[in-house]
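Taking it in order: structure first as structure tokens, then the write-up.
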């Protein structure tokens, strides 16, 4: 239940793409009939609930609460797979393990302030939407376009192309909230401390915009809707839909050599516990080698605000003329970051060799070098 006093905005502009409502209406009908449903959320720090004073104050939890209140006969399960400072490229690789494995009936996806508004993220976002839609013919999806509150920054332009192509309902904060800020009718500090993350009032406002759209759909849920058509051909090269993420619990088939890198055996308790299931190294000269198939490759490692920090050198396919430096020294101050380094995109679709060696250490490094995962895309099934 939303308890904060919500600023007045024009929610009639919330829908940026009406989309096909067949799947959402079917989920609502099932919930109204008393069937159990799972409501899942995938996104960045806003979805995770950053700045909110309690996880229950997050917009995602408030939308979940609406489902509980709107469909009292149903047992509604809540799944929040938000991870701060992550984008749709990474989401393609983790959607299976963090979201789809839990069989959500309806998914809300939010990456419009995490993705850049460019062709790379157009492709990554398309891959994510295709992966979710193709995972289950009955699974509903709604896209959430958040916005920067200071300058209106958002990847909505690119994300909207995907929404329209796949006929997916989409809700825009840029069309509802940002005009109030831009005009001065609403003070930024009422809803955000940093012009990016909503505070408790801001989360309630975001939730209210989404809920206004859901309430309208519920009101008309018994009206006929055209069945969902087959997925159209991808608009981009779509190399990210097939993304696979390898960590120490599933990398035995690609890990071919290792010296000095140790498995992190601590359990991952929650999805936001991001530095788990990887490999650590402290001694200069330690190395780890993978052979992995794909046309696109990335590695994730920890960038830390704790100084001094080590660095490693990555060599792809033995090409020592083009080393990639994985510098764990994070220049920001807000916290450690799960950093995704893309090392190959739209390359030759074959087996590639990734060798990572710890090449720069200090006697008093605050933390070991942490390699979190290897991600491969565009593989042949």
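Values quoted throughout were computed directly from the atomic coordinates according to the rules given, and no laboratory measurement underlies them. Note that this is a predicted model, so its numbers are computed, not measured. Cβ: placed from backbone, ideal geometry, glycine included. Neighbour counts: every protein chain shown.
Structure notes:
- Euclidean distance of C-alpha centroids, the range 166-202 and the range 270-344, integer Å: 34 Å
- GNM result for the chain, Cα springs below 10 Å: residue of 313, 342, 53 fluctuating most strongly: 53
- Under the criterion of Cα pairs below 8 Å and six or more residues apart, the relative contact order for the range 11-219 equals 29 percent.
- Segment residue 102-residue 150, extension gain: residue separation times 0.36 nm, minus the distance between their alpha carbons: 13.7 nm
- Point-to-point label distance, residue 53-residue 252, nm (Cα→Cβ direction, 7 Å offset): 4.9 nm
- Neighbour counts of other Cβ atoms within 10 Å put 42, 344 in the fewest-to-most order 344, 42.
- Gaussian network model of the chain, Cα within-10 Å springs - most flexible of 277, 331, 57: 331
- Note on residue 230 and residue 353: the extension gain reaches 40.6 nm, defined as 0.36 nm multiplied by sequence separation minus the Cα-Cα distance.
- Note on the chain: helix-only mean residue ellipticity at 222 nm, from DSSP H runs of 4+ residues weighted -39500 (n - 2.57) and normalised by residue number, equals -7500 deg cm²/dmol.
- The value for the chain of Rg(Cα) / (2.2 N^0.38 Å) is 1.03.
- 16 Å cut-off, amide nitrogen to a point 7 angstrom out along residue 263 Cα→Cβ, residues in the range 337-381: 371-374
- A straight line joining the Cα centroids of the range 207-261 and the range 21-52 runs 14 Å.
- Estimated FRET transfer efficiency (residue 157, residue 29; beta-carbon r; R0 25 Å; 0.05): 0.15
- Our summary gives the chain a relative contact order of 18 percent, counting only alpha carbon pairs under 8 angstrom and 6 or more residues apart.
- Computed from the C-beta positions of residue 183 and residue 6, the FRET efficiency with R₀ = 22 Å rounds to 0.80.
- Taking every C-alpha pair closer than 8 Å and separated by at least 6 residues, the mean separation divided by the residue count of the range 238-381 gives a relative contact order of 37 percent.
- Ranking of 79, 371 by count of other Cβ atoms within 10 Å, fewest first: 79, 371
- Comparing 165, 355, 185 in a Gaussian network model of the chain (Cα springs below 10 Å), the most mobile by mean-square fluctuation is 185.
- Beta bridges per DSSP, both residues in the range 11-219: antiparallel share near 10 percent.
- Fraction of antiparallel bridges per DSSP, the chain only, in percent to nearest 5: 65 percent
- Cβ-based exposure ranking for 324, 299, in which fewest neighbours within 10 Å come first: 324, 299
- Here the simple spin-label model places points 7 Å from the Cα toward Cβ, and for residue 18 and residue 222 these points are separated by 2.1 nm.
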